[in-house]
1. For the residues ASP65, ASP26, ASP56, what sequence is obtained by ranking on other C-beta atoms within 10 Å, fewest first?
2. Return the long-range amide H neighbours of TYR19 (sequence gap of 5 or more, or a different chain), with a cut-off of under 5 Å between placed amide H atoms.
3. Over region 19-69, what relative contact order in percent results from Cα pairs under 8 Å that are six or more residues apart?
4. Among HIS5, HIS30, what is the fewest-to-most ranking by other Cβ atoms within 10 Å?
5. Sorting LEU48, LEU67, LEU8 on the 10 Å Cβ count, fewest up front, what's the list?
6. Rounded to the nearest 20 debye, what is the charge dipole size of the chain about its Cα centre when +1 sits on each Lys and Arg Cβ and -1 on each Asp and Glu Cβ?
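Each value in this text was obtained by applying a stated rule to the coordinates, not by laboratory testing. Small disclaimer: the values here were computed from a predicted structure and weren't measured. Cβ atoms come from the backbone with ideal geometry, glycine included; neighbour counts cover every protein chain shown.
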Amino acid sequence: MKPEHLTLLLTREMPYGKYKGRKLADLPGHYLGWFAREGFPKGELGELLALMYELDHNNLRSLLDPLRR
């Protein structure tokens with residue numbers, strides 16, 4: 001993980017699907033879990049979704065709170 005990835009989770013939007021336009025940090029856990037089971041996309045988007053999944057799965061979403069301010 002790169003430290004700048006945490007900031008990207010708060011600024012990047014989901015480019016497609018049911019949650020198109022929603023910030024990656026705000027995606028629901030069940031959606032992230034679906035990607036974990038089915039496979040993350042290639043490239044940076046996949047890396048960011050995998051990171052967000054790990055934060056959600058390990059109950060660490062609060063790590064993003066200081067960056068939201």
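1. Values: ASP65 8, ASP26 14, ASP56 19.
With the fewest neighbours first, ASP65, ASP26, ASP56 line up as ASP65, ASP26, ASP56.
2. Correct list: empty.
3. Rounded, it is 35 percent for region 19-69.
4. The fewest-first ordering by Cβ neighbours comes to HIS30, HIS5.
5. Ordered by Cβ neighbours within 10 Å, fewest first: LEU67, LEU8, LEU48.
6. Details: 11 positive and 9 negative charges, 43 e Å.
Roughly 200 debye for the chain.
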